[in-house]
Amino acid sequence: MKWERKTGIVLALDVAERDEAFRLLDGVAGMVDVIKFNYPLVLAAGLDIITEVGKRYGKPVLADFKVADVPVTNNRIIRLAAEAGAAGIMVHGFIGIDALRSALEAAGELKVFIVTQLTNPGGLEFTARFTEEFAEIAAFLDAAGVQAPGNRPEVVKKVREIVGPELMIVCCGIGAQGGKFGGAIGAGADFEIVGRAIYQSPDPVRAAAGVRDAIAPFLK
Ligand code: BMP
């Protein structure tokens, strides 16, 4: 089942340390549907911050750990994320079918999102060649969803055609990386991941409200 969507925003909580994280969340958590952690904050603050944030704000937490190793290691990372209370985890598509199958098994109830194409220019060098295959594999393996580049809406549209309506598509590359708010959802995504456009603003609450209002017309 898909995560509940009210604003379509996944907050990329990529601030440097825990006090800043809680300050930001106290202001903007009500305007976001999902809270996404990446390595820097978890390495700085410890995995417990995932548990605390999940409990305090009652939103699904996406552990964006870009899992990309051999199965034994992947599965340990996945289980740690699940035990910490994450609701989803990001796994790279290029690890191959055996590792993806194993990751899905280790994940259990934890929703697995498969990365299809990185948003940086280098994402076009390698990941772009396999985007469609990664999307096909995600659908074939019945993953919960995929990541797609929100700064390339035509790719999001193609990925939606491949994965069908049931899988969730989460898109980064919005705001700071040039993607337009609402552009990815308009192209078929479920959620837009937004980080710097909110947390680097001098007024993050206002910025989040602006993002919410810009996305709203694209929500059906
Ligand atoms: P920002 O809105 O500040 O650009 O943040 C985007 C977030 O999405 C970061 O956490 C980044 O690591 C992640 N991300 C990305 O930017 N591009 C991808 O292809 C995949 C990502 O997960």
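The values are calculated or read from the model by the stated rules, or taken from the named source; none is laboratory data. For clarity, every value in this text was computed on a predicted model and none was experimentally measured. Ideal geometry is used to build each Cβ from the backbone, glycine not excepted, and the neighbour counts take in all protein chains shown. Just so you know, the surface numbers come from the protein's heavy atoms only, side chains and all, with ligands and any DNA or RNA stripped out. Shrake-Rupley method; radii C 1.70, N 1.55, O 1.52, S 1.80 Å.
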Taking amide H positions as placed in the peptide plane 1.01 Å from N, state which residues far from Cys171 in sequence (5 or more) or on other chains have amide H under 5 Å from it. Ala148, Phe191, Glu192, Ile193
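Quick one: accessible area per residue over the chain, 1.4 Å probe, rounded to a whole number of Å²? Please list the in-between numbers first.
Values: 9940 Å² over 220 residues.
So the chain comes to 45 Å² accessible per residue, rounded to a whole number.
Which net charge results when you count Lys and Arg as +1 and Asp and Glu as -1 among the other residues whose beta-carbon is under 13 Å from that of Phe140? Numbers along the way, then the final one.
Details: positive: Arg101; negative: Glu132, Glu133, Glu136, Asp142, Glu166.
It works out to a net charge of -4.
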For the range 102-138 and the range 176-206, what is the centre-to-centre distance using only Cα atoms, to the nearest Å? 21 Å
Sequence neighbours fewer than 8 away in the same chain don't count; with that in mind, list the lysines whose C-alpha is under 26 Å from Lys55. Lys2, Lys6, Lys36, Lys66, Lys111
Please go through the range 101-210 and write out the chymotrypsin sites (Phe, Trp or Tyr not before Pro) that DSSP classes as loop and that have at most 16 other C-beta atoms within 10 Å. Phe126
Want the number for Ala209 to Ala16: 0.36 nm per residue separation, take away the alpha-carbon distance, what's left? 67.2 nm
Just to check I understand the Karplus step: with θ = phi - 60° and J = 6.51 cos²θ - 1.76 cosθ + 1.60, what whole-Hz values come out for the range 2-9, glycine and proline as x? 6, 5, 4, 10, 10, 10, x, 9
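Return the equivalent ellipsoid semi-axes of the chain as a descending list in whole Å, where each equals the square root of 5 times an eigenvalue of the C-alpha gyration tensor. Each step should come with its number before you reach the end.
Numbers: eigenvalues 120, 93, 43 Å².
So the equivalent ellipsoid measures 24, 22, 15 Å along its semi-axes.
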Relative contact order [Cα under 8 Å, 6+ residues apart], the chain, whole percent: 19 percent
If I take every Cα pair under 8 Å that is 6 or more residues apart in the range 1-131, average their sequence separation and divide by the length, what percent do I get for the relative contact order? 18 percent
For the range 212-220, in residue order, the Karplus 3J(HN,Hα) values (coefficients 6.51, -1.76, 1.60; θ = phi - 60°; whole Hz; Gly and Pro = x) are 4, 5, 6, 6, 3, x, 8, 7, 9
Of all GluC sites (Glu not before Pro) in the range 2-111, the ones in DSSP coil with at most 15 other Cβ atoms within 10 Å are Glu4, Glu17, Glu109
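Using DSSP to define loop residues, name the GluC sites (Glu not before Pro) in the range 137-189 whose beta-carbon has at most 15 other beta-carbon atoms within 10 Å. Don't jump to the answer; show the numbers that get you there.
Details: sites: Glu154, Glu161, Glu166; in loops: Glu166.
Sites meeting the loop and neighbour criteria: Glu166.
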Calculate one ³J(HN,Hα) per residue across the range 167-172 by plugging θ = phi - 60° into the Karplus curve 6.51 cos²θ - 1.76 cosθ + 1.60, and present them in order as whole Hz with x for glycine and proline. 6, 7, 10, 10, 10, 9
Relative contact order [Cα under 8 Å, 6+ residues apart], the range 164-220, whole percent: 35 percent
In debye, nearest 20, what is the charge dipole magnitude of the range 9-214 about its Cα centre with +1 on Lys and Arg Cβ and -1 on Asp and Glu Cβ, if you could check? 280 debye
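Can you tell me what share of the DSSP beta bridges in the range 1-135 is antiparallel? A percent to the nearest 5 is fine. Walk me through the numbers on the way to the answer.
Values: 0 of 15 bridges.
Expressed as a percentage, antiparallel bridges in the range 1-135 total about 0.
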